[in-house]
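Undergrad: Take this structure, written in structure tokens, and hold onto it; I'll ask about it next.
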Amino acid sequence: MKFTTSIVQTRYASPLGTIIIAATNKGLAGLWFDGQKHLPPELTGPAVWPSAPDHPVLKEVISQLTDYFAGRRSEFDVPLDLAYGTAFQQSVWQALLKIPPGGTASYGELSARIGKPAAVRAVGAAVGRNPVSIIVPCHRVMGAGGALTGYAGGLERKSALLKLEGVLVEGLR
């Protein structure tokens, strides 16, 4: 994924660790836990994206995340800029947006929803590369039989997000 240099970013101290939030003039382009898998290289070395905590999209995302973690919000309504993925990735990310709060879907179900039932592994890869964790709810995707599998931010965070949303996860009590 190659991002434009016109992105700005800020950091948010969430109950699950520091979150890096990035936006363009079109909307939210990234939301990653600090140190998670697939973190853009622009965030792993010297700062490339300028810090802009007063950017209106970044401020709104922080406000909505604060409400989400406090249990006052279950859905997000910020503009998204998902243009940095391939057409296939974007189709998967759009399918993720249709998984309701409190719900889950399997990788196979997502593959079928985008009209590519045989592309389960490719769908899994696209879910893993989702640049907007939490808001584009990749944490709601489960393995076959409802198994808690894969999350770029770590399975402990995935479990915590699902618990926050009231999803019962077998084996996690």
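Undergrad: How far is helix 87-96 tilted off the main Cα axis of the chain, in degrees rounded to 10, range 0 to 90?
TA: The angle comes out at about 70 degrees.
Undergrad: About the Cα centre, and with charges only on the beta carbon of Lys, Arg (+1) and Asp, Glu (-1), how big is the dipole of the chain? Nearest 20 debye, please. Display every interim value, and only then the final one.
TA: Working: 17 positive and 12 negative charges, 75 e Å.
About 360 debye.
Undergrad: In square angstrom, what is the accessible area per residue of the chain with a 1.4 angstrom probe? Intermediate results must be reported in sequence, preceding the final value.
TA: Details: 8470 Å² over 173 residues.
Using a 1.4 Å probe on heavy atoms only, each residue of the chain averages 49 Å².
Undergrad: How far apart, in nanometres, would the label points at residue 59 and residue 75 be if each is projected 7 angstrom from Cα along the Cα-to-Cβ direction?
TA: Spacing of the two 7 Å Cα→Cβ label points: 2.5 nm.
Undergrad: Is the shape of segment 62-105 rounded, prolate or oblate, going by the alpha carbon gyration tensor and its root eigenvalues a ≥ b ≥ c, with a/c under 1.5 for rounded and a/b larger than b/c for prolate? Working shown, then result.
TA: Numbers: a/c = 3.67, a/b = 1.61, b/c = 2.28.
Note, shape of segment 62-105 comes out oblate.
Undergrad: Here's another thing I want to ask about it. Net charge around residue 76, counting only other residues with Cβ within less than 11 Å of its Cβ (Lys, Arg = +1; Asp, Glu = -1)? Don't skip to the answer; put the middle values down first.
TA: Details: positive: 73; negative: 60, 67, 75, 77.
That works out to -3.
Undergrad: Using the Kirkwood formula on the Cα atoms of the chain, what hydrodynamic radius do you get, in angstrom to one decimal? Intermediate values should be presented prior to the final figure.
TA: Working: mean 1/r = 0.0613 Å⁻¹.
Mean inverse Cα-Cα distance, inverted, gives 16.3 Å.
Undergrad: Output ³J(HN,Hα) for segment 135-145: one whole-Hz value per residue in order, computed from phi by the Karplus curve 6.51 cos²θ - 1.76 cosθ + 1.60 with θ = phi - 60°, and x for Gly and Pro.
TA: These are the phi-based 3J(HN,Hα) values: 6, 9, x, 5, 5, 8, 9, 10, x, 4, x Hz.
Undergrad: Mind running the shape call on segment 30-109? Use the C-alpha gyration tensor, a ≥ b ≥ c as the square roots of the eigenvalues: rounded below 1.5 for a/c, prolate if a/b tops b/c, oblate otherwise.
TA: Values: a/c = 1.85, a/b = 1.18, b/c = 1.57.
In terms of gyration-tensor shape, oblate.
Undergrad: From the backbone phi of segment 17-34, what are the Karplus-calculated ³J(HN,Hα) couplings (6.51 cos²θ - 1.76 cosθ + 1.60, θ = phi - 60°) in whole Hz, Gly and Pro given as x?
TA: The phi angles translate into x, 5, 10, 9, 10, 10, 9, 10, 6, 8, x, 5, 10, x, 8, 10, 6, 4 Hz.
Undergrad: Per 5 Å bin, what percent of the C-alpha pairs of segment 87-128 does each bin hold, from zero upward?
TA: Bins of 5 Å from zero give 5, 28, 39, 20, 7, 1 percent of pairs.
Undergrad: Hand me the GluC sites (Glu not before Pro) from segment 17-101 located in a DSSP loop with no more than 16 other Cβ atoms within 10 Å, in residue order please.
TA: Values: sites: 42, 60, 75; in loops: 75.
Hits after loop and neighbour filter: 75.
Undergrad: In whole Hz and in residue order, list the ³J(HN,Hα) couplings for segment 119-134 that follow from phi through the Karplus curve 6.51 cos²θ - 1.76 cosθ + 1.60, θ = phi - 60°; x for Gly and Pro.
TA: For segment 119-134, the Karplus curve yields 9, 4, 5, 5, 5, x, 5, 5, 4, x, 9, 3, x, 10, 3, 6 Hz.
Undergrad: Return one number: the angle in degrees, 0 to 90 and rounded to the nearest 10, between the long axis of the Cα atoms of helix 155-164 and the longest principal axis of the Cα atoms of the chain.
TA: Between the helix axis and the principal axis of the chain, the angle is about 80 degrees.
Undergrad: If r is the Cβ-Cβ distance from residue 34 to residue 66 and R0 is 22 Å, what FRET efficiency results, to the nearest 0.05? Let's see the in-between values first.
TA: Working: r = 17 Å, r/R0 = 0.79.
Using R0 = 22 Å, I get an efficiency of 0.80.
Undergrad: Return the long-range amide H neighbours of residue 14 (sequence gap of 5 or more, or a different chain), with a cut-off of under 5 Å between placed amide H atoms.
TA: Counting only residues 5 or more places away or on other chains, the set is 19.
The values are calculated or read from the model by the stated rules, or taken from the named source; none is laboratory data. All values reported here derive from a predicted model rather than from experimental measurement. In this analysis, Cβ positions are derived from the backbone assuming ideal geometry, glycine residues included, and neighbour counts consider all displayed protein chains. With ligands, DNA and RNA removed, areas are computed over all heavy atoms of the protein, side chains included. Shrake-Rupley method; radii C 1.70, N 1.55, O 1.52, S 1.80 Å.
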